Amino acid sequence: MSRRRTWTEITVVLMLSLGASALWSVLQIIDDLSQTTPLGEQSTALNSSTTTVQYVDLARQLLGIAVDLAPVALVCMLLWSSSRPHLGRLGIDRFRVRPDLGGAALMALGIGIPGLALYFGGRALGITVAVDRRHWTRTGGRSRSCCSRPSGRGCRRRSSSSATSTPGWATSGGVGGR
């Protein structure tokens, strides 16, 4: 396999996953900065409910996770080998479990700790959006989503000085009706 094809495949996979998320995040921060409420006074609720029917909301959350994992399944299917280890081309085998888990834990710490430091540092400086600690957030019995991610499973933004939500294009359920 040529080097160019390898980088093309990596780019496509990243655009289906992390790259797409990064692009949506850039658009979201541009939207947040364009609001009349200063960024430090805005807040967001993660995984906010999209309906008053709990089972429908659960189904939407699970469907969103399944759709987000579809590119991973596609990569595994395309790289599946008939001989063992089946996903050896991805470096997944049963022979290096401890080193692989240790590396994954270090990577999670290497991403998570600086991420939390940036968030709390930004909150201290008043330049990041506050995360609402309540898991399910509702306004007047219905939650309103303004997250601009294509999954539509996202966040409700509101000013800390009022209970009104900032409208966004995803209030109708996001791309694909989710």
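Observations
- Couplings for the stretch 102-118, taken from phi via the Karplus curve 6.51 cos²θ - 1.76 cosθ + 1.60 with θ = phi - 60°, read x, x, 5, 5, 5, 5, 4, 5, x, 8, x, 5, x, x, 5, 4, 5 Hz in order; Gly and Pro are left as x.
- Around the amide H of Val131, modelled in the peptide plane, lie the amide H atoms of Thr44, all under 5 Å away and 5 or more residues distant in sequence or on another chain.
- When restricted to Cα atoms, the stretch 1-77 yields an Rg and a Dmax of 17.5, 52 Å, respectively.
- Cα-centred dipole magnitude for the stretch 1-142, charges only on beta-carbon of K, R (+1) and D, E (-1), debye, nearest 20: 520 debye
Quick note: the coordinates plus some simple rules give every number you see, no bench work behind them. Since the structure is predicted, the reported quantities are computational estimates derived from the model, not experimental observations. Glycine gets a Cβ as well: all are built from the backbone with ideal geometry, and neighbour counts include every protein chain shown.
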